[in-house]
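The values are calculated or read from the model by the stated rules, or taken from the named source; none is laboratory data. Just so you know, these numbers come straight off a predicted model, no measurement behind them. Note that each Cβ is placed from the backbone with ideal geometry, even for glycine, and that neighbours are counted across all protein chains shown.
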Amino acid sequence: MEHINTVCRNEGYPITVESSPQFGNHAVASRDIPQGEGLLRAIPYAAEVFDSYKKRMCQVCLLYHNRGSFTHRCQDCDQVYFCSLACKTVAMDPRMGCHLKVCRALRRLATWNSDRHAKSMIKLLVQVLMRHWRERQGIPTVYQSRRALEIREQQENKEKEEHELGMGTTDVDGVSTEAVTKLLGETTLTSTTTPNIPPTSHSPLPPSSLNAPGEQDEDKNQTQEPVENDFYDVLRLQSHFEDWDDEDQKDWNKQSQIVLTLLEMAGLTEMASEPGGPLHTLTSLDVKRLISALESNAFGMFDRSKKKAVCFGRAIYPIASFFNHSCECNSTAVQADGSAEEITGEAVLGLIEQEEINKKEAPQALSSLSTSGSESETGTSTPAGPGTGTATPAEEEEGSEMTTLTEEVDPYASRVGEFRMMTFFSICDIPKGSLLLTLHPLVIV
């Protein structure tokens, strides 16, 4: 876990991950943390979408289209879709996404008759082992590859603008083209050599300094790189397959053999149990242990544009699982869906305060409804709170009722994927050395 703590130190995150017999792997405050401060940014180690929603989620940046389907896709397997040509390029390039390695296995899995939960866990396992394989090959993550493309595009656009401005040598209205070019160069991009500034309740953890206008304060343009876990962090997650009942044991004993066949098809049957350790061939026991760990630690990905939130897939954030769970929590998290440009501690505290108000008002509203004697009013479904991932059958049908009920303007055009970035915030003052405790469901915007 030293790589996690190194990233936290370098990026100014006020947390440290430790291990003890009492708490296992856990996060603690590395200094006194005031209320509303950003603690950490993390992106999923792996993520998968339910089959019913595969055309609506970008396989690379995890952007979800709540009104229609993406058109870019892998034509060979028809199991992965992309929001843009750039994301498709990352996925299909053997030096980046390496999708072709698992393409055939995903096509075979799509024809397998199994329930949604089991199939999604297997798809997530395939992505986890694919990531492990890429790490061993020294291939950058899709996040790193996608960001590299963005940087290259920004640089090319800037060079093109400077070239076009530099074509003329005469002054226009007394201002030289060289001066204009210099001015553009100073205001287009923020210097990447400036130190990172820890986030506060007033300054959000910015998603990217590439898109920040140069006229903004310099400290608000700093990019804090998200923590990216490795495969060995996944192995540190708790697995409960020993506690499965007889029916689950029997079911996964059978399914694990099918999983091994799929992994063999993709060339993903080897794993190392520790960094630099020898590879060994995956066994049925390994599959069950990993499946259980993913089951216990995966986070839902939600479409919250409708009255009732819909879970369309799952993502695994190993470092988020190192935050201990408690009803007396001192932190919470926001999972970005691309619809919000900035997330601040103040905004999160406001959401929590509003949730508390809603909870207090809900019993009074229910009491009022029950005394009215109107069954038609009490029979309507209520909006799902954060973390409720159960979708109705109608919601699971692809294309059924996928229009936004609360907005008339489609927000998709202005969205960015942001890789389902999860940002943790303190919701009270946290003394140095304290356990970082969070409570599910998370606050999600």
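Considering only residues that are surrounded by 20 or more Cβ atoms within 10 Å (Cβ to Cβ) and touching a residue at least 24 places away in the same chain (Cβ under 8 Å), which ones fall in segment 66-82?
Selection gives 66, 79, 80, 81, 82.
What residue, among those in segment 283-314 that are part of a loop (DSSP other than H, G, I, E, B) and touching a residue at least 40 places away in the same chain (Cβ under 8 Å), is surrounded by the most Cβ atoms within 10 Å (Cβ to Cβ)? If you could, list the steps in order and put the result at the bottom.
Within segment 283-314, the first condition is being part of a loop (DSSP other than H, G, I, E, B), and the residues that meet it are 283, 304-309.
From what's left, touching a residue at least 40 places away in the same chain (Cβ under 8 Å): 304-309.
Numbers: 304: 19, 305: 21, 306: 17, 307: 12, 308: 16, 309: 23.
Ranking the candidates gives 309 first.
Given the condition touching a residue at least 60 places away in the same chain (Cβ under 8 Å), outside any helix (DSSP H, G or I) and in the same structural domain as residue 289 (by TED's automatic domain parsing), answer yes or no: does some residue in segment 102-113 qualify? Show your work before the answer.
Just the residues of segment 102-113 that are touching a residue at least 60 places away in the same chain (Cβ under 8 Å), to begin with: 102, 104-105, 108-109, 112.
When the remaining residues are screened for being outside any helix (DSSP H, G or I), the result is 112.
Filter once more, keeping what is in the same structural domain as residue 289 (by TED's automatic domain parsing): 112.
Yes, that holds for at least one residue.
Report whether or not residue 40 is outside the structural domain of residue 150 (by TED's automatic domain parsing), in contact with a Cys (Cβ under 6 Å, 6 or more places away or on another chain) and touching a residue at least 24 places away in the same chain (Cβ under 8 Å). Even if it seems obvious, please write down each step before you answer.
Details: outside the structural domain of residue 150 (by TED's automatic domain parsing): yes; in contact with a Cys (Cβ under 6 Å, 6 or more places away or on another chain): no; touching a residue at least 24 places away in the same chain (Cβ under 8 Å): yes.
Taking the combined requirement at face value, the residue does not satisfy it.
In segment 136-154, which residues are farther than 19 Å from residue 224 by Cα and crowded, with 16+ Cβ neighbours inside 10 Å?
Hit for segment 136-154 is 139, nothing else.
State yes or no: is residue 78 at pLDDT below 95 and of a type in the set (Asp, Glu)?
Working: at pLDDT below 95: no; of a type in the set (Asp, Glu): yes.
Here the answer is no, as residue 78 does not meet what is asked.
Picking from 85, 40, which residue would you name as being crowded, with 23+ Cβ neighbours inside 10 Å, at pLDDT below 95 and touching a strand residue (DSSP E or B) at 6+ places or on another chain (Cβ under 7 Å)? Explain how you work it out, then say what you get.
On the way: 85 fails: crowded, with 23+ Cβ neighbours inside 10 Å.
The match here is 40.
Here is a check on your reading of the model: is residue 346 on the phi < 0 side of the Ramachandran plot, acidic (Asp, Glu) and at pLDDT 80 or above?
Numbers: on the phi < 0 side of the Ramachandran plot: yes; acidic (Asp, Glu): yes; at pLDDT 80 or above: yes.
In short, yes.
Would you tally the residues in segment 252-272 being over 23 Å from residue 232 (Cα atoms), touching a residue at least 24 places away in the same chain (Cβ under 8 Å), surrounded by fewer than 18 Cβ atoms within 10 Å (Cβ to Cβ) and of a type outside the set (A, V, I, L, M)?
Total satisfying the criteria: 2.
Just to be sure I understand, how many residues within segment 16-30 are surrounded by fewer than 16 Cβ atoms within 10 Å (Cβ to Cβ) and closer than 15 Å to residue 438 by Cα?
1
Among the numbered conditions (1) at pLDDT below 95; (2) at positive phi, tell me where residue 302 comes up short.
Only one criterion is unmet by residue 302, namely (2).
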